[in-house]
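Chemist: Here you go, one structure.
The values are calculated or read from the model by the stated rules, or taken from the named source; none is laboratory data. All of these numbers come straight from a predicted model, not from anything done at the bench. Positions of Cβ are backbone-derived with ideal geometry, glycine not excepted, and every protein chain shown enters the neighbour counts.
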Amino acid sequence: MTTDRLWCVVPAAGRGARFGAERPKQYVALAGRPLIEWTLERLAATPCIAGILVVLAAGNREWRTRERIGDTPLLTANGAAERSGSVLAGLRALPREVGDDAFVLVHDAARPCVRSEDIACLVERGAAAGGGLLAAPVRDTLKRADADARVAATEPREARWRALTPQLFRRGELVAALERAEAAGVAITDESMAMERAGHRPLLVEGAESNIKVTTPGDLALAEYLLGREWGIGNRE
């Protein structure tokens, strides 16, 4: 199945409180530049992406305004306190030519090591399946803890996957799923969860383990190592 080039929504309105920095984690320096810059460059270098829409916190002073990254159009919109609200705002702010039946991608601002080939695979396979997401099979042994942080049980890892991004869905279906979850007061942690609640069965498309989400300072160091190993990027300060 072939798919036209498509837009990607990047929610970047959050504070990233777990990171513990004075500024939102997406603006923390990674190899001499804000983390989000690396993420946007990876997306812009992906041939199947027609444009990027970044969702920002109202009054954001960290964002460097521009209209393109390379040859890729770049738009912005104001977001919400929660990720799902920001994604919804981004979907609503997409250009008019992005119709309800068009597939769109949603990608975390704090995943700078995503591979273009993985995104292309997701678009090809996910579109044919009606929607999907990059994911990685769980390979470690899983333990369930009790209130005292002692092992309560060993959980099966078969058929368990870690959800990654991008995630790919039709714009209209995703808007409707997010709106229903919002109306029901359900906290949505990723777009697939909203679609699952609406009765969809997104396809899991295996992506690289290196597509990490920067959540802690340790993750930042790992991301810099991965950027250097896979793309030969060094510190540019």
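Chemist: Would you please name the residue that is farthest from Arg5 (Cα to Cα), looking only at residues in region 46-75 that are at pLDDT 95 or above and of a type in the set (Gly, Ala, Ser)?
Modeler: Gly51
Chemist: Identify the residue in region 26-38 that is out of contact with any strand residue (DSSP E or B) (no Cβ under 7 Å at 6 or more places or on another chain) and in a helix (DSSP H, G or I) and, among all such residues, is nearest to Tyr225 (Cα to Cα).
Modeler: Looking at the filtered set, the residue picked out is Leu35.
Chemist: Mind checking which residues of region 43-96 are in contact with a strand residue (DSSP E or B) (Cβ under 9 Å, 6 or more places away or on another chain) and of a type in the set (D, E, K, R)?
Modeler: Listed by number, the residues that qualify are Glu62, Arg64, Arg66, Glu67, Arg68, Arg83, Arg92.
Chemist: Moving on. Looking at the structure I just gave you, is Leu30 buried (at least 21 other Cβ atoms within 10 Å of the Cβ), at pLDDT 90 or above, touching a helix residue (DSSP H, G or I) at 6+ places or on another chain (Cβ under 8 Å) and within 15 Å of His107 (Cβ to Cβ)?
Modeler: no
Chemist: Sort out for me the strands (runs of 3 or more DSSP E) sitting completely within region 131-237 that have 2 or more residues that are of a type outside the set (S, T, N, Q), in contact (Cβ under 8 Å) with a residue 40 or more places away in the chain and at negative phi.
Modeler: Numbers: elements: 132-137, 142-145, 151-155, 161-170, 203-206.
Correct list: 132-137, 161-170, 203-206.
Chemist: Sticking with this structure for a sec: Taking the residues in region 80-95 that are assigned to a loop (DSSP other than H, G, I, E, B) and modelled with pLDDT under 95 as candidates, determine which candidate is nearest to the chain's Cα centre (by Cα).
Modeler: Step one: of region 80-95, the residues assigned to a loop (DSSP other than H, G, I, E, B) are 80-82, 93-95.
Retained after the next criterion (residues that are modelled with pLDDT under 95): 80-82.
On the way: Ala80: 16, Ala81: 16, Glu82: 14 Å.
Checked region 80-95; the qualifying residue nearest to the chain's Cα centre (by Cα) is Glu82.
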